1. Please work out the FRET efficiency for the pair residue 8 and residue 101, using the Cβ-Cβ distance as r and a Förster radius of 30 Å; give the result to the nearest 0.05.
2. Does segment 95-233 classify as rounded, prolate or oblate by the C-alpha gyration tensor (a ≥ b ≥ c root eigenvalues; a/c under 1.5 gives rounded; else a/b over b/c gives prolate, otherwise oblate)?
3. Quick check for me: using +1 on Lys/Arg Cβ and -1 on Asp/Glu Cβ, what's the dipole size of segment 2-229 about its Cα centre, in debye to the nearest 20?
4. For the chain, what's the relative contact order in percent, using C-alpha pairs closer than 8 Å and at least 6 residues apart?
5. Any lysines with Cα under 27 Å of the residue 180 Cα? List them, leaving off those in the same chain fewer than 8 positions away.
6. What value, in deg cm²/dmol to 500, does the helix sum -39500 (n - 2.57) over DSSP H runs of n ≥ 4 give at 222 nm once divided by the residues of the chain?
7. Would you check the accessible area of residue 231, probe 1.4 Å, heavy atoms only, in square angstrom rounded to 10?
8. Order 72, 109, 81, 191, most accessible first, counting only protein heavy atoms with a 1.4 angstrom probe.
Amino acid sequence: MKILQVSDQKMGGQAGYNVFAEALANGATVFGLATGSTPISIYDVITASDLDFSNAVSINLDEYKGLPGTHEQSYRYFMNEHLFNKKPFKESYVPDGMADAATETARYERIINDNPIDLQILGLGQNGHIGFNEPGTPFDSLTHEVTLTQSTIDANARFFADENDVPRYAYSMGIGSIMKAKQILLVAYGENKADAVAAMIEGPVTEDMPASVLQRHPNVTVIVDAAAAAKLT
Ligand code: F6R
(Lines give C-alpha, C1' and ligand atoms only; values in the text may rest on other atoms or scores of the structure.)
Protein backbone atom coordinates (compact mmCIF):
# COMPACT_ATOMS: atom_id res chain seq x y z
CA MET A 1 0.00 0.00 0.00
CA LYS A 2 1.14 3.49 -0.77
CA ILE A 3 0.39 5.89 2.10
CA LEU A 4 0.08 9.62 1.42
CA GLN A 5 -0.17 11.81 4.51
CA VAL A 6 -1.74 15.19 3.91
CA SER A 7 -2.09 18.20 6.19
CA ASP A 8 -5.86 18.54 5.92
CA GLN A 9 -8.92 17.59 3.88
CA LYS A 10 -8.29 20.37 1.39
CA MET A 11 -4.86 18.94 0.57
CA GLY A 12 -6.42 15.47 0.59
CA GLY A 13 -8.85 16.73 -2.04
CA GLN A 14 -5.96 17.79 -4.22
CA ALA A 15 -4.07 14.53 -3.65
CA GLY A 16 -7.18 12.50 -4.46
CA TYR A 17 -7.84 14.58 -7.54
CA ASN A 18 -4.28 13.83 -8.70
CA VAL A 19 -4.97 10.09 -8.46
CA PHE A 20 -8.15 10.52 -10.56
CA ALA A 21 -6.38 12.73 -13.11
CA GLU A 22 -3.51 10.28 -13.49
CA ALA A 23 -5.89 7.33 -13.91
CA LEU A 24 -7.86 9.24 -16.54
CA ALA A 25 -4.68 10.21 -18.39
CA ASN A 26 -3.66 6.54 -18.34
CA GLY A 27 -6.90 5.50 -20.02
CA ALA A 28 -9.20 4.68 -17.10
CA THR A 29 -12.84 4.76 -18.18
CA VAL A 30 -14.69 3.26 -15.20
CA PHE A 31 -14.63 4.95 -11.79
CA GLY A 32 -16.04 3.45 -8.62
CA LEU A 33 -17.37 6.21 -6.38
CA ALA A 34 -18.31 6.66 -2.73
CA THR A 35 -20.54 9.01 -0.76
CA GLY A 36 -20.04 10.26 2.81
CA SER A 37 -18.13 13.29 4.02
CA THR A 38 -14.66 12.01 3.10
CA PRO A 39 -14.68 12.22 -0.73
CA ILE A 40 -16.37 15.64 -0.88
CA SER A 41 -13.11 17.61 -1.05
CA ILE A 42 -11.95 15.39 -3.94
CA TYR A 43 -15.23 15.93 -5.79
CA ASP A 44 -14.90 19.68 -5.16
CA VAL A 45 -11.48 19.77 -6.84
CA ILE A 46 -12.73 17.59 -9.71
CA THR A 47 -15.78 19.77 -10.38
CA ALA A 48 -13.60 22.91 -10.39
CA SER A 49 -11.19 21.30 -12.87
CA ASP A 50 -11.34 20.72 -16.59
CA LEU A 51 -11.17 16.93 -16.27
CA ASP A 52 -13.59 15.41 -18.75
CA PHE A 53 -15.57 12.34 -17.67
CA SER A 54 -18.09 12.51 -20.50
CA ASN A 55 -16.70 9.28 -21.97
CA ALA A 56 -16.37 7.58 -18.58
CA VAL A 57 -18.72 5.45 -16.51
CA SER A 58 -19.18 5.74 -12.75
CA ILE A 59 -20.41 3.01 -10.44
CA ASN A 60 -21.27 3.91 -6.85
CA LEU A 61 -20.66 1.60 -3.94
CA ASP A 62 -24.02 1.63 -2.27
CA GLU A 63 -27.49 3.04 -1.69
CA TYR A 64 -30.08 2.93 1.06
CA LYS A 65 -32.88 0.48 0.47
CA GLY A 66 -36.26 2.21 0.37
CA LEU A 67 -35.07 5.69 -0.61
CA PRO A 68 -35.79 6.94 -4.14
CA GLY A 69 -33.03 8.89 -5.89
CA THR A 70 -35.05 12.06 -5.42
CA HIS A 71 -34.84 11.75 -1.59
CA GLU A 72 -32.33 14.25 -0.21
CA GLN A 73 -30.61 11.57 1.88
CA SER A 74 -30.31 9.05 -0.94
CA TYR A 75 -26.84 8.45 -2.23
CA ARG A 76 -28.03 9.13 -5.81
CA TYR A 77 -29.12 12.59 -4.68
CA PHE A 78 -25.78 13.14 -2.90
CA MET A 79 -23.84 12.20 -6.02
CA ASN A 80 -25.97 14.46 -8.24
CA GLU A 81 -25.35 17.37 -5.87
CA HIS A 82 -21.64 16.87 -5.30
CA LEU A 83 -20.49 15.59 -8.66
CA PHE A 84 -22.79 14.51 -11.48
CA ASN A 85 -24.74 17.75 -11.97
CA LYS A 86 -21.48 19.64 -12.42
CA LYS A 87 -19.31 16.93 -13.98
CA PRO A 88 -21.45 14.52 -15.98
CA PHE A 89 -20.34 11.01 -16.84
CA LYS A 90 -21.51 9.09 -19.90
CA GLU A 91 -23.39 6.80 -17.51
CA SER A 92 -23.60 6.89 -13.71
CA TYR A 93 -24.78 3.79 -11.89
CA VAL A 94 -26.04 3.88 -8.29
CA PRO A 95 -28.03 0.96 -6.89
CA ASP A 96 -31.78 1.51 -7.16
CA GLY A 97 -32.95 1.64 -3.56
CA MET A 98 -36.56 1.15 -4.62
CA ALA A 99 -35.93 -2.09 -6.52
CA ASP A 100 -36.41 -5.60 -5.22
CA ALA A 101 -33.29 -6.94 -3.46
CA ALA A 102 -32.64 -10.11 -5.43
CA THR A 103 -33.17 -8.45 -8.81
CA GLU A 104 -31.21 -5.31 -8.01
CA THR A 105 -28.18 -6.95 -6.43
CA ALA A 106 -27.84 -9.37 -9.38
CA ARG A 107 -28.31 -6.53 -11.89
CA TYR A 108 -25.71 -4.39 -10.13
CA GLU A 109 -23.08 -7.12 -10.00
CA ARG A 110 -23.62 -7.65 -13.74
CA ILE A 111 -22.98 -3.94 -14.29
CA ILE A 112 -19.69 -4.26 -12.38
CA ASN A 113 -18.68 -7.29 -14.41
CA ASP A 114 -19.61 -5.60 -17.70
CA ASN A 115 -17.74 -2.41 -16.71
CA PRO A 116 -14.60 -3.47 -14.79
CA ILE A 117 -13.66 -0.66 -12.41
CA ASP A 118 -10.32 0.99 -13.12
CA LEU A 119 -10.21 3.16 -9.98
CA GLN A 120 -12.38 2.71 -6.90
CA ILE A 121 -12.52 5.38 -4.18
CA LEU A 122 -13.38 4.26 -0.65
CA GLY A 123 -14.05 5.96 2.66
CA LEU A 124 -13.53 4.02 5.89
CA GLY A 125 -16.00 3.32 8.68
CA GLN A 126 -14.86 3.69 12.28
CA ASN A 127 -15.43 -0.06 12.59
CA GLY A 128 -13.42 -0.72 9.43
CA HIS A 129 -16.36 -1.02 7.05
CA ILE A 130 -15.90 -0.34 3.36
CA GLY A 131 -19.02 0.30 1.35
CA PHE A 132 -21.70 -0.98 3.70
CA ASN A 133 -19.71 -4.13 4.40
CA GLU A 134 -19.76 -4.35 8.16
CA PRO A 135 -17.40 -6.53 10.25
CA GLY A 136 -18.05 -10.19 9.56
CA THR A 137 -18.94 -9.72 5.88
CA PRO A 138 -17.27 -12.49 3.85
CA PHE A 139 -14.32 -11.36 1.76
CA ASP A 140 -15.84 -13.07 -1.30
CA SER A 141 -19.20 -11.28 -0.98
CA LEU A 142 -20.73 -9.73 -4.10
CA THR A 143 -23.39 -6.99 -4.28
CA HIS A 144 -25.91 -7.78 -1.55
CA GLU A 145 -28.56 -6.45 0.77
CA VAL A 146 -27.12 -5.29 4.07
CA THR A 147 -28.73 -4.92 7.47
CA LEU A 148 -27.08 -1.82 8.88
CA THR A 149 -25.49 -2.06 12.34
CA GLN A 150 -26.66 0.17 15.15
CA SER A 151 -23.34 2.08 15.06
CA THR A 152 -23.82 2.89 11.37
CA ILE A 153 -27.47 3.85 11.95
CA ASP A 154 -26.31 6.14 14.79
CA ALA A 155 -23.58 7.69 12.62
CA ASN A 156 -26.13 8.39 9.86
CA ALA A 157 -28.85 9.69 12.18
CA ARG A 158 -27.44 13.23 12.03
CA PHE A 159 -28.62 13.46 8.44
CA PHE A 160 -32.26 12.63 9.22
CA ALA A 161 -34.88 14.61 11.09
CA ASP A 162 -35.77 11.58 13.21
CA GLU A 163 -33.65 8.52 14.10
CA ASN A 164 -36.61 6.36 13.07
CA ASP A 165 -36.32 7.70 9.51
CA VAL A 166 -32.78 6.31 9.09
CA PRO A 167 -32.94 3.36 6.71
CA ARG A 168 -32.17 -0.02 8.29
CA TYR A 169 -31.12 -1.73 5.06
CA ALA A 170 -28.93 -0.89 2.09
CA TYR A 171 -27.65 -2.39 -1.13
CA SER A 172 -23.87 -2.49 -1.29
CA MET A 173 -21.14 -3.81 -3.49
CA GLY A 174 -19.59 -6.72 -1.65
CA ILE A 175 -15.96 -6.96 -0.59
CA GLY A 176 -15.35 -9.32 -3.51
CA SER A 177 -16.91 -6.77 -5.88
CA ILE A 178 -14.66 -4.00 -4.51
CA MET A 179 -11.53 -6.16 -4.76
CA LYS A 180 -12.13 -6.60 -8.52
CA ALA A 181 -11.18 -2.93 -9.07
CA LYS A 182 -7.78 -2.52 -10.70
CA GLN A 183 -6.79 0.34 -8.40
CA ILE A 184 -8.19 1.45 -5.04
CA LEU A 185 -7.93 4.83 -3.34
CA LEU A 186 -8.97 4.78 0.32
CA VAL A 187 -9.27 8.10 2.14
CA ALA A 188 -9.63 8.64 5.91
CA TYR A 189 -9.50 11.77 8.04
CA GLY A 190 -9.74 12.47 11.75
CA GLU A 191 -8.89 10.79 15.03
CA ASN A 192 -12.06 8.70 15.05
CA LYS A 193 -10.64 6.78 12.07
CA ALA A 194 -7.18 6.21 13.61
CA ASP A 195 -7.90 2.75 15.07
CA ALA A 196 -9.44 1.51 11.81
CA VAL A 197 -6.56 2.93 9.73
CA ALA A 198 -3.96 1.17 11.91
CA ALA A 199 -5.90 -2.12 11.85
CA MET A 200 -6.42 -1.87 8.09
CA ILE A 201 -2.72 -1.36 7.34
CA GLU A 202 -0.89 -3.11 10.18
CA GLY A 203 -3.37 -5.51 11.71
CA PRO A 204 -4.20 -9.08 10.73
CA VAL A 205 -6.21 -9.63 7.57
CA THR A 206 -9.56 -10.67 8.99
CA GLU A 207 -13.23 -10.43 8.11
CA ASP A 208 -13.68 -8.74 11.51
CA MET A 209 -11.89 -5.72 9.98
CA PRO A 210 -13.27 -5.48 6.43
CA ALA A 211 -10.72 -2.90 5.20
CA SER A 212 -7.82 -5.20 6.15
CA VAL A 213 -8.61 -7.13 2.94
CA LEU A 214 -6.93 -4.27 1.09
CA GLN A 215 -3.56 -5.67 2.23
CA ARG A 216 -4.23 -8.37 -0.39
CA HIS A 217 -4.86 -5.90 -3.23
CA PRO A 218 -1.87 -5.12 -5.48
CA ASN A 219 -2.62 -1.43 -6.10
CA VAL A 220 -3.91 0.56 -3.13
CA THR A 221 -3.24 4.20 -2.29
CA VAL A 222 -4.28 5.49 1.14
CA ILE A 223 -4.70 9.21 1.83
CA VAL A 224 -4.76 10.13 5.53
CA ASP A 225 -4.35 13.23 7.65
CA ALA A 226 -2.12 13.22 10.75
CA ALA A 227 -5.01 12.43 13.10
CA ALA A 228 -6.10 9.38 11.10
CA ALA A 229 -2.45 8.23 10.81
CA ALA A 230 -1.74 8.71 14.53
CA LYS A 231 -1.91 5.04 15.51
CA LEU A 232 0.32 3.73 12.72
CA THR A 233 3.67 2.53 14.06
C1 F6R B 1 -20.15 5.58 1.37
C2 F6R B 1 -19.70 4.34 2.03
C3 F6R B 1 -19.20 4.32 3.44
C4 F6R B 1 -18.38 5.54 3.85
C5 F6R B 1 -17.89 5.42 5.28
C6 F6R B 1 -17.14 6.67 5.73
O7 F6R B 1 -20.59 5.33 0.05
O8 F6R B 1 -19.77 3.33 1.40
O9 F6R B 1 -18.42 3.16 3.61
O10 F6R B 1 -17.31 5.68 2.97
O11 F6R B 1 -18.97 5.18 6.14
O12 F6R B 1 -18.05 7.73 5.79
P13 F6R B 1 -17.55 9.23 6.01
O14 F6R B 1 -16.76 9.59 4.79
O15 F6R B 1 -18.82 10.05 6.09
O16 F6R B 1 -16.72 9.25 7.24
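The values are calculated or read from the model by the stated rules, or taken from the named source; none is laboratory data. It should be emphasised that the depicted structure is a prediction, and the values quoted were computed from it without experimental measurement. Glycine gets a Cβ as well: all are built from the backbone with ideal geometry, and neighbour counts include every protein chain shown. The accessibility values were calculated without ligands, DNA or RNA, using every heavy atom of the protein model including side chains. Shrake-Rupley method; radii C 1.70, N 1.55, O 1.52, S 1.80 Å.
1. Details: r = 39 Å, r/R0 = 1.32.
The value I calculate is 0.15.
2. On the way: a/c = 1.96, a/b = 1.17, b/c = 1.67.
Verdict is oblate for segment 95-233.
3. Numbers: 15 positive and 29 negative charges, 110 e Å.
The calculation lands at about 540 debye.
4. Numbers: 484 pairs, mean separation 59.3, N = 233.
Computed over the chain, the figure is 25 percent.
5. 2, 65, 87, 90, 193
6. Numbers: 8 runs with 70 residues, N = 233.
Calculated mean residue ellipticity at 222 nm is -8500 deg cm²/dmol.
7. Solvent-accessible area, nearest 10 Å²: 110 Å².
8. Details: 72 125, 109 15, 81 90, 191 150 Å².
The residues order as 191, 72, 81, 109, largest area first.
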